[in-house]
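J.: Have a look at this one.
None of the figures in this text is laboratory data; all of them are computed from the coordinates on show. Keep in mind the model is a prediction, meaning the values are calculated, not measured. Cβ coordinates were reconstructed from backbone atoms using ideal geometry, including for glycine residues, and neighbour counts include every protein chain displayed.
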Amino acid sequence: MGGADKMPAGRLSWLLLGVVLAFGVAASPAQASRNTHYDFVIKETNVTRLCQEKTILAVNGQFPGPTIYARKDDVVIVNVYNQGNKNITLHWHGVDQPRNPWSDGPEYITQCPIQPGANFTYKIIFTEEEGTLWWHAHSDFDRATVHGAIVIHPKRGSVYPYTKPHKEMPIILGEWWNADVEQVLLESQRTGGDVQISDANTINGQPGDFAPCSKNDTFRMLVEHGKTYLLRVINAGLTNEMFFAIAGHRLTVVGTDGRYLKPFTVDYIMISPGQTMNMLLEANHATNGSGDNNRYYMAASPFFTNIGLPVNDKNTTAILEYTDAPPSAGPPDYPVLPVINDTAAAAAYTSQLRSLVTKEHPIDVPMEVDEHMLVTISVNTLPCGANETCMGPGPGNNTRLAASLNNVSFVPPTVDILDAYYYSISGVYEPDFPNKPPFFFNFTAPNPTVEFQL
């Protein structure tokens with residue numbers, strides 16, 4: 001495969017490939033924007049987190065960025081003006097974009113990046129999507145601060161497959177680095193070692209009450225007793241799967257990734273990077289001063305099972321507050337979350353995900369397979385180059401980490417692959433991606449032998 005390096009089979013270290021269902025949930029039609037054009041101005045913005053001021057890239061001066069509202073079958077135009085200091089692209093995560101790959105956004109895959117001072121117009125075509133998706137930068141680590149929600153409402157005249165919510169709220173889980181995220185990536189590329197772990201996890205851009213210098217800015221969601229709210233939870237983090245819960249309240253999951261689900265009620269969810277989950281929250285606690293608190297923490301904590309690697313294990317919090325209840329003197333109640341390596345808790349949640357199959361929301365599953373493929377996602381090691389100092393795993397610091405699919409790693413070209421395909425530009429890619437890995441073993445073994453471990 002062109003633009004690729006082949007990995008030594010004997011040095012492979014494979015990661016478990018998780019299968020994520022693609023579903024989602026809808027929102028109140030009354031809140032949908034009729035404006036199908038958006039202007040996104042990307043430029044440097046100063047923000048303060050964890051007691052430190054820092055310059056970040058942001059859209060329209062917002063972090064997280066603005067929400068895009070649309071209806072099923074809409075076409076949305078986004079004019080992007082790059083007033084930042086580096087190349088960038090944007091991606092509309094989970095949007096199918098039928099016959100419209102030019103607007104998908106991955107850098108050097110479907111387009112060359114938007115250079116500083118330039119602009120680019122994206123055309124987002126919504127077809128089957130209905131619910132919550134998100135957009136983010138698709139260049140380097142810019143996604144850490146350049147991201148936002150996409151809300152796709154039902155077509156006018158259609159009905160909800162669940163109780164219409166009183167209000168809806170995007171809840172964006174993210175990560176925060178005190179260091180410049182571009183330098184974090186460059187250092188990892190230079191040494192071949194793992195990426196420096198983030199300094200905080202965040203909810204709607206804020207670390208929460210228990211992080212330094214953060215309590216006054218903790219995100220608050222205001223609710224009224226007896227009303228139902230739709231939470232649109234997005235994991236915009238770069239590395240961590242997360243558990244999420246709200247103290248004293250159960251959550252009814254109704255969708256994920258732009259598709260509806262058969263509703264089920266849980267005490268917590270587990271959400272992977274890039275994934276969205278939609279839940280109905282009933283504000284059902286007493287507001288007559290009978291002893292209930294009027295404030296409850298919503299909290300997220302990492303789910304991480306590789307004990308050999310460093311991880312940002314910090315919880316992040318926001319506050320759910322009843323506006324029609326007497327204020328309580330004590331702190332908000334805190335939810336019970338699974339421990340960081342609770343695989344059983346994660347599996348118990350994901351095993352309940354089922355598509356909502358109805359006449360109004362059919363699922364078309366192909367019954368005949370034309371070509372069988374087995375694709376393994378792995379993090380491999382390569383030998384350190386001559387006169388290089390590397391920080392990959394293993395004794396002697398003589399290896400570099402490199403991700404691969406079926407033992408093939410992608411190397412960014414100088415011409416985007418879509419242009420090379422349409423204009424028959426040779427030397428950019430090769431149509432020989434393997435349909436199976438070159439080496440087989442038990443990819444899901446809980447305790448693989450040493451040669452298959454990082």
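J.: Can you give me the relative contact order of segment 295-390 as a percent, contacts being Cα pairs under 8 Å and 6 or more apart?
T.: On the way: 68 pairs, mean separation 25.7, N = 96.
Relative contact order comes out at 27 percent.
J.: Sort largest first and round to whole Å: the equivalent ellipsoid semi-axes of segment 186-319, each the square root of five times a Cα gyration tensor eigenvalue. Please list the in-between numbers first.
T.: Details: eigenvalues 186, 72, 28 Å².
Largest first, segment 186-319 gives 30, 19, 12 Å.
J.: Another one. Mind checking the dipole of segment 203-356: about its Cα centre, +1 per Lys or Arg Cβ, -1 per Asp or Glu Cβ, Debye to the nearest 20?
T.: 340 debye
J.: May I pose another question? I'd like to compare 62-71, 146-155: which one has the highest average count of other Cβ atoms within 10 Å, and what's the full order after that? Before the final figure, lay out each step's value.
T.: Values: 62-71: 20.5, 146-155: 23.0.
Put in order of decreasing packing, that is 146-155, 62-71.
J.: With θ taken as phi - 60° and the coefficients 6.51, -1.76 and 1.60, list the Karplus ³J(HN,Hα) couplings across segment 246-262 in order, rounded to whole Hz; mark glycine and proline as x.
T.: With the stated coefficients, segment 246-262 comes to 10, 4, x, 9, 8, 10, 9, 7, 10, x, 7, 6, x, 9, 7, 10, 5 Hz.
J.: Determine the percent antiparallel among the DSSP beta bridges restricted to the chain, to the nearest 5. It would help to have the intermediate numbers written out before the result.
T.: Working: 78 of 101 bridges.
Given both bridge residues lie in the chain, the antiparallel proportion sits at roughly 75 percent.
J.: In what sequence, highest mean first, do 79-85, 199-205, 268-274 appear when ranked by Cβ atoms within 10 angstrom? If you can, show how the numbers build up before the last one.
T.: Numbers: 79-85: 17.4, 199-205: 22.6, 268-274: 20.0.
Descending mean neighbour count gives 199-205, 268-274, 79-85.
J.: What FRET efficiency would be calculated for the residue pair residue 435, residue 411, taking the C-beta separation as r and a Förster radius of 22 Å, to the nearest 0.05?
T.: Working: r = 21 Å, r/R0 = 0.94.
Rounded to the nearest 0.05, the efficiency is 0.60.
J.: Pick out, from 69, 139, 397, the residue whose Cα sits farthest towards the positive end of the charge dipole of the chain, with +1 on the Cβ of Lys and Arg and -1 on the Cβ of Asp and Glu.
T.: Comparing the listed Cα positions along the dipole, 69 ranks first.
J.: Let me ask something else. For residue 255, what residues show an amide H to amide H distance below 5 Å, using hydrogens built from the backbone and excluding near sequence neighbours?
T.: Distant-sequence amide H within range of residue 255: 261, 278.
J.: Relative to the first principal axis of the alpha-carbon coordinates of the chain, what is the inclination of helix 181-191, with its axis defined by its Cα atoms, in degrees from 0 to 90 and to the nearest 10?
T.: Approximately 30 degrees, to the nearest ten.
J.: Given N residues in segment 132-231, what is its alpha carbon radius of gyration divided by 2.2 N^0.38 Å?
T.: Numbers: Rg = 18.1 Å, N = 100, 2.2 N^0.38 = 12.7 Å.
Ratio of Rg to 2.2 N^0.38 Å for segment 132-231: 1.43.
J.: Please state the charge dipole magnitude for the chain, taken about the Cα centre, from unit charges on C-beta atoms (+1 on K and R, -1 on D and E), reported in debye and rounded to the nearest 20. Walk me through the numbers before you get to the answer.
T.: On the way: 30 positive and 45 negative charges, 156 e Å.
Using only the charged Cβ atoms, the result is roughly 740 debye.
J.: Can you tell which of 162, 126, 413 lies farthest toward the positive end of the dipole of the chain, using +1 and -1 charges on the Cβ of basic and acidic side chains (Lys, Arg; Asp, Glu)?
T.: 162
J.: Could you run the Karplus curve 6.51 cos²θ - 1.76 cosθ + 1.60 with θ = phi - 60° over segment 140-154 and give me ³J(HN,Hα) per residue in whole Hz, x for Gly and Pro?
T.: 6, 9, 4, 4, 4, 10, 9, 6, x, 8, 10, 10, 10, 7, x
J.: Mind giving me the nanometre distance, one decimal, between the label points for residue 51 and residue 164, set 7 Å out from Cα along Cα→Cβ?
T.: For the pair residue 51/residue 164, the computed spacing is 5.0 nm.
J.: When only alpha-carbon atoms are used, what values of Rg and Dmax, in angstrom, describe segment 298-454?
T.: 23.7, 70
J.: OK, next. Please compute the net charge surrounding residue 305, taking Lys and Arg as +1 and Asp and Glu as -1 over other residues with Cβ under 13 Å from its Cβ. List each step's numbers first, then the result.
T.: Numbers: positive: none; negative: 241, 313, 342.
Here the charged neighbours net out to -3.
J.: Restricting attention to the chain, give the cysteines that have no other cysteine Cβ less than 4.7 angstrom from their Cβ.
T.: 112
J.: In terms of modelled amide H atoms, which long-range or inter-chain residues lie less than 5 Å from the amide H of residue 138?
T.: Amide H to amide H, under 5 Å and 5 or more residues apart or across chains, residue 138 pairs with 89, 90, 91.
J.: Still on this structure, please answer the following. Just to check I understand the Karplus step: with θ = phi - 60° and J = 6.51 cos²θ - 1.76 cosθ + 1.60, what whole-Hz values come out for segment 407-419, glycine and proline as x?
T.: 6, 10, 9, 7, 10, x, x, 9, 10, 5, 5, 5, 4
J.: What is the fewest-to-most order of 373, 298, 367 by other Cβ atoms lying within 10 Å of their Cβ?
T.: Result, fewest neighbours first: 367, 373, 298.
J.: Next question, about the same structure. Taking 25 Å as R0, compute the FRET efficiency from the Cβ-Cβ separation of residue 39 and residue 96 and round it to 0.05. List each step's numbers first, then the result.
T.: Details: r = 24 Å, r/R0 = 0.97.
Efficiency at R0 = 25 Å is approximately 0.55.
J.: A further question follows. Considering the dipole of the chain built from charges on the beta carbon (Lys and Arg +1, Asp and Glu -1) around the Cα centre, which of 91, 188, 153 is farthest to its positive end?
T.: The listed residue farthest towards the positive side: 153.
J.: Here are a few candidate values for volume of the Cα convex hull per residue in Å³: (i) 203; (ii) 140; (iii) 165. Which one was actually calculated from the structure I just gave you?
T.: Given (i) 203; (ii) 140; (iii) 165, the calculated one carries the label (iii).
J.: What is the sum of charges, Lys and Arg at +1 and Asp and Glu at -1, for the other residues whose Cβ falls under 9 Å from the Cβ of residue 227?
T.: On the way: positive: 167; negative: 224, 282.
Charge balance near residue 227 sits at -1.
J.: Just check segment 194-272 against the gyration tensor rule for me: Cα atoms, a ≥ b ≥ c as the square roots of the eigenvalues, rounded for a/c under 1.5, and otherwise prolate or oblate depending on whether a/b exceeds b/c.
T.: Details: a/c = 2.40, a/b = 1.29, b/c = 1.86.
Cα axes put segment 194-272 in the oblate bin.
J.: Could you calculate the FRET efficiency of residue 403 with residue 442 from 1/(1 + (r/R0)^6), where r is the beta carbon distance between them and R0 is 22 Å, rounded to 0.05? Please report the intermediate quantities before stating the final value.
T.: Working: r = 21 Å, r/R0 = 0.93.
Result of the calculation: an efficiency of 0.60.
J.: Right, next: Whose amide H sits under 5 Å from the amide H of residue 105, counting only residues 5 or more places off or on another chain, with H placed in the peptide plane?
T.: 110
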